[in-house]
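> Got a structure here, written out as structure tokens. Questions coming.
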Amino acid sequence: MANVTLRNVRKTYTGGFEAIKGVNVDVADGQFCVLVGPSGCGKSTLLRMVAGLETVTGGEIDIGGRVVNQVEPADRDIAMVFQNYALYPHMSVFNNMAYGLRNRGMKEAEVKTRVDEAARVLELTPMLERKPRQLSGGQRQRVAMGRAIVRQPKVFLFDEPLSNLDAKLRIAMRVEIRKLQRRLNTTSIYVTHDQLEAMTLADILVVMNGGQVEQVGNPLAIYEKP
Ligand code: ADP
Ligand code: ADP
């Protein structure tokens, strides 16, 4: 586990657009932090900076007590779950989950242990030999989560992982993610524009607007104000 601390983080894109204007956020060990706010407010930019997919132009990003501004994505001990699940269509569910681990040269026995464990947690065990096209949207999204889980990262980053699912499935998956979080207790940062999703999932809610943090706190305290 690890805390994530953003200290006066800024992002000015090439061309001069200031997308993030000095953001301070502290996510404690094992907490589920949700970044919420309207489209264009900078949620994705901030998350991508934590992931190392976007350079930081000011301030510091600290993961587990280490400033990672200059650290490569692969060395940050994070795993990201994306909106479009980007599964390999020709590979089985098992191989999709095993791919990154095998790439890193992990022994096959350990790969199998990790994939089997993730499949059990995600209730994908009966589907391990199927191809992605033989799965429902929700099952595919669970495989995408499985690929993150097998890495056993210190931090999970979620970029609107449910926004491509229909309403009913979105609600079901929200519950799944919450259960998973309670079980794994991994520090998480989750981006969404959906307030209800944010309220259901968050231990700590960060409301953003125009590249700045508008409010931070417990979701009930934020949304139950008169
Ligand atoms: P959100 O995730 O909240 O919808 P983004 O982080 O994607 O917001 O974008 C924040 C702002 O930064 C938007 O105004 C967007 O147009 C701008 N932006 C995003 N990516 C780039 C880029 N590569 N170059 C310039 N501006 C960008
Ligand atoms: P490996 O993980 O063995 O490096 P991959 O092909 O899975 O091989 O990943 C290629 C790159 O993308 C690596 O830098 C890896 O750290 C990164 N990566 C892969 N999957 C994820 C993920 N779910 N979240 C964050 N980074 C990832």
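The values are calculated or read from the model by the stated rules, or taken from the named source; none is laboratory data. What you are looking at is a predicted structure, and each value in this text was computed from that prediction instead of being measured. As a convention, Cβ positions derive from the backbone with ideal geometry for all residues, glycine included, and neighbour counts pool all protein chains shown. For the accessible areas, the whole protein counts, side chains as well, though only heavy atoms, and no ligand, DNA or RNA atoms are used. Shrake-Rupley method; radii C 1.70, N 1.55, O 1.52, S 1.80 Å.
> Label points 7 Å out from Cα along the Cβ direction at R178 and S39: separation in nm?
Between R178 and S39, the simple spin-label model gives 2.7 nm.
> Now a separate question. Connecting C-alpha atoms closer than 10 Å in a GNM of the chain, tell me which of Q83, Q141, Q31 has the biggest fluctuation.
Q83
> Using a basic spin-label model with each label point 7 Å from the Cα along Cα→Cβ, how many nm lie between V67 and Y223?
In this crude label model, V67 to Y223 measures out at 3.7 nm.
> While we're looking at this one, here's another question. If R0 is 41 Å, what FRET efficiency do you get for E110 and Q215 from their C-beta distance, rounded to 0.05?
Using R0 = 41 Å, I get an efficiency of 0.40.
> Moving on. Taking a probe of 1.4 Å, how large is the accessible area per residue of the chain, in Å²?
Averaged over the residues of the chain, the accessible area is 48 Å².
> While we're here: Describe numerically, in nm with one decimal, the distance between label points set 7 Å from Cα along Cα→Cβ at I171 and at L196.
So the label points at I171 and L196 sit 0.6 nm apart.
> Could you look at region 144-226 and say what percent of its accessible area is carbon and sulfur, using a 1.4 Å probe and all protein chains?
C and S atoms contribute 51 percent here.
> What FRET efficiency would be calculated for the residue pair N185, A74, taking the C-beta separation as r and a Förster radius of 22 Å, to the nearest 0.05?
Computed FRET efficiency for N185 and A74: 0.40.
> Mind checking Rg over Rh on region 1-143, alpha carbons, Kirkwood formula for Rh?
Result: Rg/Rh = 1.03.
> Probe 1.4 Å, all protein chains in place: accessible area of T14 in Å², nearest 10?
Around 150 Å² of this residue is reachable by solvent.
> Oh, and also: What order do you get for 197-208, 170-181 when each peptide is scored by the mean count of other beta carbon atoms within 10 Å, highest first?
197-208, 170-181
> May I ask you to give the percent of accessible area on region 1-114 that is carbon plus sulfur, with a probe radius of 1.4 Å?
50
> Pairs of alpha-carbon atoms within less than 8 angstrom and 6+ residues apart define the contacts here; what relative contact order does region 10-98 have, in percent?
21
> Here's something else I'd like to know. For the chain, calculate the relative contact order in percent as a whole number, restricting contacts to Cα pairs under 8 Å that are 6 or more residues apart.
In percent, rounded to a whole number, it is 31.
> Decide, for region 144-209, between rounded, prolate and oblate: order the square roots of the alpha carbon gyration tensor eigenvalues as a ≥ b ≥ c, take rounded if a/c falls under 1.5, and otherwise choose prolate if a/b is larger than b/c, else oblate.
Here region 144-209 falls in the oblate category.
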